Each structure stands twice: as C-alpha cells, then as structure tokens.
Amino acid sequence: MTVEPRSVKVTVYQPNVAPVRMSLPVQTITLGRASDCTIPIRDKFLSRRHAEISWMDGKWLVRDCGSVNGTVVNGAKLQGPAILKPGDRIVLGDSEIVFEESASDPPSQLVAIDSDSHAKSLAIPMRDMIDERGRERVGVLASLAVQFIEDRPMTELFEFILDRVVALLRPSRAALALLGPDMKSFDNVRVRRSDASDALDLVISRTLLSEVVEERNVVSFVDTSQDEKLARADSIVRQNIRSAVCAPLVVGDAVLGVLYLDFLAIRGAITQEDVRLVGQIARLAGAKLETTRLREEALAKAKIDEELRTAYTIQSRLLPTVLPAIEGYTFCGANRPCKIVGGDYYDVIVRPDGRIYFIVADVSGKGITAALVMSGLAMAFNIFTRTDPGPAELVRDLNLTLAPKTSPTKFATLVAGVLDPVTGRVDYANAGHVPPLVIREHAVETLSSTDMVVGLFASAQYRPQTVTLGSGDALVLFTDGVTEAENEREDQLGLPAVADLLRPFHRRSATDIVDSIDGCVAKFMGEATAGDDVTLLTIGRC
C-alpha cells in the first residue's frame with residue numbers, strides 16, 4: 001500500500017536572493033507570480049499561476065498550467081505532467097525549484113496526534129524560566145552556555161544540542177524538532193534513544209503541543225494510554241510508564257520548535273526543577289539555532305553579494321562609457337538595472353566608413369542568468385558588426401548564435417540597426433521588442449512592425465525595415481521596463497503615455513529626451529518597487 005507523504009521539501013533559488021528551503025504540507029503546491037501561490041515568485045515572465053506540484057496515484061507530479069513561457073524540468077520543457085524524483089530541478093523563468101524529498105515521514109519521529117492520552121502534571125510559562133535558585137542548575141546552564149558559544153554548521157548543531165541534553169538529563173528518548181508551516185506538525189526532527197532496539201514513534205497529543213506552542217509553556221505529562229495494561233500488569237511492567245517534558249524553542253515572540261524528553265518510570269517522577277532545567281536548556285537551544293540560521297543566511301547572502309559585485313563590474317564594462325560625438329547628431333543612453341545586475345543591453349559602434357550600428361536588447365528575466373545571456377549577446381554584436389552586415393542579417397546571426405545555447409525559457413527581444421549619418425537613413429530589424437518611437441515635428445510615430453524574439457528558434461527570419469530621420473527628428477528606443485513600469489496600484493505606464501510625453505520634444509537633444517522619460521517613469525511608479533530593468537537609447541538629428 002502506498003503511504004501518502006506528510007509533507008514535501010523543496011529548495012527555492014531566485015536571482016540575488018539566498019536559497020530558501022521549504023517544507024510544505026501535502027496539497028497541490030502552486031508556483032507562479034500571484035501572491036496567493038504556495039510558492040510566489042516575483043518574475044514578470046511567469047504567469048500568475050505558472051505550474052503546480054501535486055500528489056497523485058502514489059507519485060509526485062509537476063505540470064505546467066498553460067503558462068506563456070513554459071516550465072522546464074531537468075533541462076526539458078514540459079509537454080505534459082511529469083513524475084518528480086528527489087533532486088529534480090524545476091525552472092520557471094530565472095528561478096529554480098529543487099525537489100528534495102517525496103517520501104513519507106521516516107519512522108521513529110516525534111508525531112503530534114489527536115489524543116487525550118497524556119495527563120498534564122505541570123505547566124510553567126517560559127517567562128518564568130529565569131530562576132537564580134539552585135546553584136547546581138546555574139552551574140550546569142553556565143557551562144552549557146559556554147559550550148554553545150562556538151559556531152557550528154546547522155547540520156551539526158542539532159546533534160550537538162542532543163548530545164548535551166542526553167549527557168545532562170539521561171532521558172530514555174530525546175527529540176529536537178522544528179515546527180512546519182502549519183505550526184502543528186514537525187519539519188526537521190532529530191531523535192536520540194537510550195535503547196537502540198526502540199523503534200516506536202514519539203507521540204505527543206495536539207492539545208498539549210498547542211499549549212507548548214501557543215501558550216509558551218514548558219509542560220510535563222504522563223502517558224496514560226496504557227491504563228488497561230497497567231490494571232493487569234505486575235510491578236515490573238508498571239515501571240514502563242513514561243513521563244515526559246516538552247519545552248518550546250522560543251526566540252522573541254516566535255516559537256521555532258520544541259525540545260522533547262521522556263523517561264521510564266524507574267527514572268523517577270519529573271520534578272519542577274527538572275522542568276525548569278529543560279525549559280532553560282530549550283531557551284539556550286532556540287537562541288543558538290536562530291543565530292546559526294541567521295549567520296548561515298548572512299554568509300550565503302554575502303557570497304551572493306560578492307559574486308554580484310564581480311558580475312556588475314564585468315557587466316558595466318560591456319556597456320558604452322561614452323557615446324560617439326557625430327556632427328549633426330546627439331546620442332544618449334541609460335541603463336538602470338532593478339537588481340545589481342540585469343539583462344538589458346545597449347551599445348553604439350561607429351564603423352570605419354562612418355556608419356553607426358546601434359542595439360537595444362532585453363534578455364528575459366533578471367539577475368545573474370539574464371546577465372550571462374546578455375554578455376554573450378554583447379560580444380556577438382561587437383564581433384558581427386565588423387563585417388558590416390545589414391540589420392536583418394545581423395539579427396539573424398545573433399539568433400543563430402544564441403538559439404542552440406540558451407534554455408527553452410531564455411530569450412531576448414531587441415532592435416538592432418545602422419544609421420547613415422549623411423542621409424539620416426536608419427535600417428533596422430525588430431526581434432519582438434517594444435516598438436521604437438520617432439519624434440517628428442507634428443507627431444510621434446510608432447514603428448510597430450516586429451518579428452520573432454531572439455534565442456528560441458534557429459530558423460527564425462527577420463525583415464529589414466527603414467526609417468529616415470529629418471532635421472530635428474529623434475529615434476527613441478527603450479526596453480519594456482519603461483512601458484511596463486507599475487505604480488502602487490499595479491497599473492502600467494504603457495507606450496501611448498510615453499508617446500504623448502514626447503510630442504513637444506522635436507528638436508530637443510537626446511539627453512533631454514532620455515532624462516524626460518526617466519523622470520516620467522520615476523514619477524509614475526512613486527513608492528512602488530522597480531520590477532524590471534530600464535534601458536533607453538536616443539539618437540537625435542540636429
């Protein structure tokens with residue numbers, strides 16, 4: 001018979017964020033951009049409900065929920081439901097979910113059950129644990145506190161705490177358990193036993209667990225579930241009655257988990273001093289577990305930050321530091337990543353014959369992954385322009401370079417072109433990018449014709465297009481971080497608003513145009529957090 005698992009464990013990797021390990025109760029686990037998803041992922045390239053993981057017919061399955069950009073498992077794009085195995089990697093945009101465990105809870109764990117078989121004998125609030133009486137106990141706690149000072153990895157800390165508890169109190173069984181998301185079941189559990197042949201679960205009633213967690217009480221109790229046996233048993237069997245104590249691992253106002261110990265009757269009754277000692281040990285253990293978690297998260301974040309700083313230095317060198325000074329024209333560009341690094345790119349290259357190549361590109365997603373694709377695109381653009389190709393040929397070659405090397409969910413939109421400064425003629429190709437705008441004397445023209453994005457299909461073809469800049473005209477290009485900028489109500493700025501803004505800007509410099517758009521985006525967003533990179537490039541003819 002297949003046993004339904006109690007929970008599933010996953011690790012969530014998102015750009016520029018330390019990995020998060022989650023234990024989720026069995027249910028349909030939804031992944032997507034919506035805030036009510038089980039695992040919400042803030043990525044504009046994800047659908048609101050992008051994919052889901054569910055338990056069905058004794059197996060974990062993952063399926064795409066009709067998302068626009070698809071879901072990838074172990075490098076292959078999902079075409080239908082797929083069976084998940086431990087270690088499988090689910091990729092959604094720039095985020096990755098590693099499926100870690102699909103088995104039911106292993107035997108011999110601390111389990112909360114609906115039962116009234118535990119008779120409470122004593123409950124002491126954690127706030128009353130501080131008690132200076134008892135020189136021996138104070139000495140024990142001082143010694144324990146000194147031992148806790150040393151930093152240990154979280155994987156070793158559980159065992160270290162249980163070692164100290166077992167050495168001090170000699171319980172029959174001891175458990176250290178962290179609470180799951182529902183605060184009623186346990187996630188990470190470690191158990192120690194004095195009898196190696198004992199393989200029974202450690203059981204505590206949900207009623208008592210609720211008092212420990214919700215009331216922050218250290219509770220001692222006796223298991224009364226064997227009353228009928230005791231009526232028939234002799235005194236030796238009678239000595240196997242268990243007494244136990246359970247204490248919350250409290251940090252501030254939060255309860256992280258519990259410390260549980262139980263004893264055979266021959267150990268003697270649990271005294272109030274025993275309960276206080278366990279409560280004080282739990283206080284030390286909770287504080288140490290929390291500081292260790294914070295330290296490991298800080299170290300992981302510091303490592304990510306260092307890698308991002310290195311990536312930022314490399315990426316910043318790919319963008320132009322100075323745009324060309326061409327008589328009769330003004331140029332201005334800006335790049336503002338919403339994270340330390342991003343997937344937007346622009347460049348301007350002057351060829352020996354005086355023609356000027358330009359590009360504005362937006363790689364799907366954000367962070368390191370998008371930046372890596374962007375760096376490849378930048379190098380390819382610099383290499384391919386040396387042979388003076390037409391824009392359609394240039395974009396075709398960029399696509400042929402990227403398509404075999406990017407994942408099924410990684411692509412770029414771009415506009416690439418070449419300006420003849422003598423005539424003002426601009427030849428260009430648009431690969432799924434935001435329509436460029438041309439500021440004319442009496443109107444703002446939208447160049448809306450576009451082709452397939454770059455990086456998905458090697459067979460994609462691109463059409464050459466042409467526009468001519470007259471005196472005072474300007475060609476304005478930008479990424480969708482401009483048009484899809486959102487305010488606090490999640491309204492988007494939109495292309496018409498940008499076009500309306502630029503109507504009075506005929507004969508204005510490229511710098512004025514870029515600054516005006518930048519200011520418009522900032523004003524529209526207000527206090528909202530930027531969700532995408534913003535990149536602009538303007539070529540103005542004097």
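Mind checking which residues of region 450-465 are more than 14 Å from Thr413 (Cβ to Cβ) and either in contact with a Cys (Cβ under 9 Å, 6 or more places away or on another chain) or of a type in the set (Ser, Thr, Tyr) (or both)?
Ser459
Would region 458-470 turn up any residue that is under 32 Å from the mean Cα position of the chain (by Cα), touching a residue at least 24 places away in the same chain (Cβ under 8 Å) and open to solvent by 10 Å² or more (accessible area, probe 1.4 Å)? I'd like the intermediate steps shown before the answer.
Taking region 458-470 and keeping what is under 32 Å from the mean Cα position of the chain (by Cα), we get 458.
With touching a residue at least 24 places away in the same chain (Cβ under 8 Å) added as a condition, the list becomes 458.
Of the ones still in play, those that are also open to solvent by 10 Å² or more (accessible area, probe 1.4 Å) are 458.
Yes, there is a match, as at least one residue in region 458-470 is under 32 Å from the mean Cα position of the chain (by Cα), touching a residue at least 24 places away in the same chain (Cβ under 8 Å) and open to solvent by 10 Å² or more (accessible area, probe 1.4 Å).
Quick grid of which residues meet (1) modelled with pLDDT of 85 or more; (2) in contact with a His (Cβ under 8 Å, 6 or more places away or on another chain); (3) surrounded by 21 or more Cβ atoms within 10 Å (Cβ to Cβ):
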| position | (1), (2), (3) |
| --- | --- |
| Thr224 | no, yes, no |
| Asp227 | no, no, no |
| Arg232 | no, no, no |
| Ala247 | yes, no, yes |
| Val251 | yes, no, no |
| Leu259 | yes, no, yes |
| Phe263 | no, no, yes |
| Arg267 | no, no, no |
| Ile281 | yes, no, yes |
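How about region 353-375: which of its residues are surrounded by 22 or more Cβ atoms within 10 Å (Cβ to Cβ), at pLDDT 85 or above and part of a helix (DSSP H, G or I)?
Across region 353-375, the qualifying residues are Val373, Met374.
If you go through region 392-413 one residue at a time, how many are open to solvent by 10 Å² or more (accessible area, probe 1.4 Å) and either out of contact with any strand residue (DSSP E or B) (no Cβ under 8 Å at 6 or more places or on another chain) or part of a helix (DSSP H, G or I) (or both)?
Residues meeting the conditions: 10.
Mind checking which residues of region 414-427 are in a strand (DSSP E or B) and open to solvent by less than 10 Å² (accessible area, probe 1.4 Å)? Break it down stepwise before answering.
Looking only at region 414-427, we keep the residues that are in a strand (DSSP E or B), and these are 414-420, 425-427.
Within region 414-427, Leu414, Val415, Ala416, Gly417, Val418, Leu419, Val426 meet the criteria.
When you look at Ala311, is it modelled with pLDDT of 90 or more and closer than 30 Å to Ser375 by Cα, yes or no?
Details: modelled with pLDDT of 90 or more: no; closer than 30 Å to Ser375 by Cα: yes.
So Ala311 fails the test.
Just to be sure before I move on: is Leu179 more than 22 Å from Arg276 (Cβ to Cβ), modelled with pLDDT of 85 or more and either out of contact with any strand residue (DSSP E or B) (no Cβ under 8 Å at 6 or more places or on another chain) or crowded, with 16+ Cβ neighbours inside 10 Å (or both) in the structure I sent?
On the way: more than 22 Å from Arg276 (Cβ to Cβ): yes; modelled with pLDDT of 85 or more: yes; either out of contact with any strand residue (DSSP E or B) (no Cβ under 8 Å at 6 or more places or on another chain) or crowded, with 16+ Cβ neighbours inside 10 Å (or both): yes.
Considered against the rule, which asks whether it is more than 22 Å from Arg276 (Cβ to Cβ), modelled with pLDDT of 85 or more and either out of contact with any strand residue (DSSP E or B) (no Cβ under 8 Å at 6 or more places or on another chain) or crowded, with 16+ Cβ neighbours inside 10 Å (or both), Leu179 comes out as yes.
Mind checking whether some residue in region 515-523 is at pLDDT below 95, in a strand (DSSP E or B) and either open to solvent by 20 Å² or more (accessible area, probe 1.4 Å) or on the phi < 0 side of the Ramachandran plot (or both)?
no
Looking at Ile53, Ile113, Ile83, Ile149 in this structure, which one is more than 30 Å from Gly481 (Cβ to Cβ), open to solvent by 20 Å² or more (accessible area, probe 1.4 Å) and at pLDDT 85 or above?
On the way: Ile53 fails: open to solvent by 20 Å² or more (accessible area, probe 1.4 Å); Ile113 fails: at pLDDT 85 or above; Ile149 fails: at pLDDT 85 or above.
It is Ile83.
Just to verify a result, which residue in region 524-542, among those that are touching a helix residue (DSSP H, G or I) at 6+ places or on another chain (Cβ under 6 Å) and at pLDDT below 90, is farthest from Val322 (Cα to Cα)?
Taking region 524-542 as the starting set, the residues that turn out to be touching a helix residue (DSSP H, G or I) at 6+ places or on another chain (Cβ under 6 Å) are 532-534, 536, 538, 540.
Next cut, at pLDDT below 90 only: 532-533.
Numbers: Asp532: 24, Asp533: 20 Å.
Restricting to residues being touching a helix residue (DSSP H, G or I) at 6+ places or on another chain (Cβ under 6 Å) and at pLDDT below 90, the top hit is Asp532.
Within region 18-44, track down each residue that is free of Cβ contacts under 8 Å to residues at least 12 places away in the same chain and assigned to a strand (DSSP E or B).
Val20, Pro40
The values are calculated or read from the model by the stated rules, or taken from the named source; none is laboratory data. It should be emphasised that the depicted structure is a prediction, and the values quoted were computed from it without experimental measurement. Glycine also receives a Cβ, built like all others from the backbone with ideal geometry; neighbour counts cover every protein chain displayed. Keep in mind that these areas ignore ligands, DNA and RNA; they rest on the heavy atoms of the full protein, side chains included. Shrake-Rupley method; radii C 1.70, N 1.55, O 1.52, S 1.80 Å.
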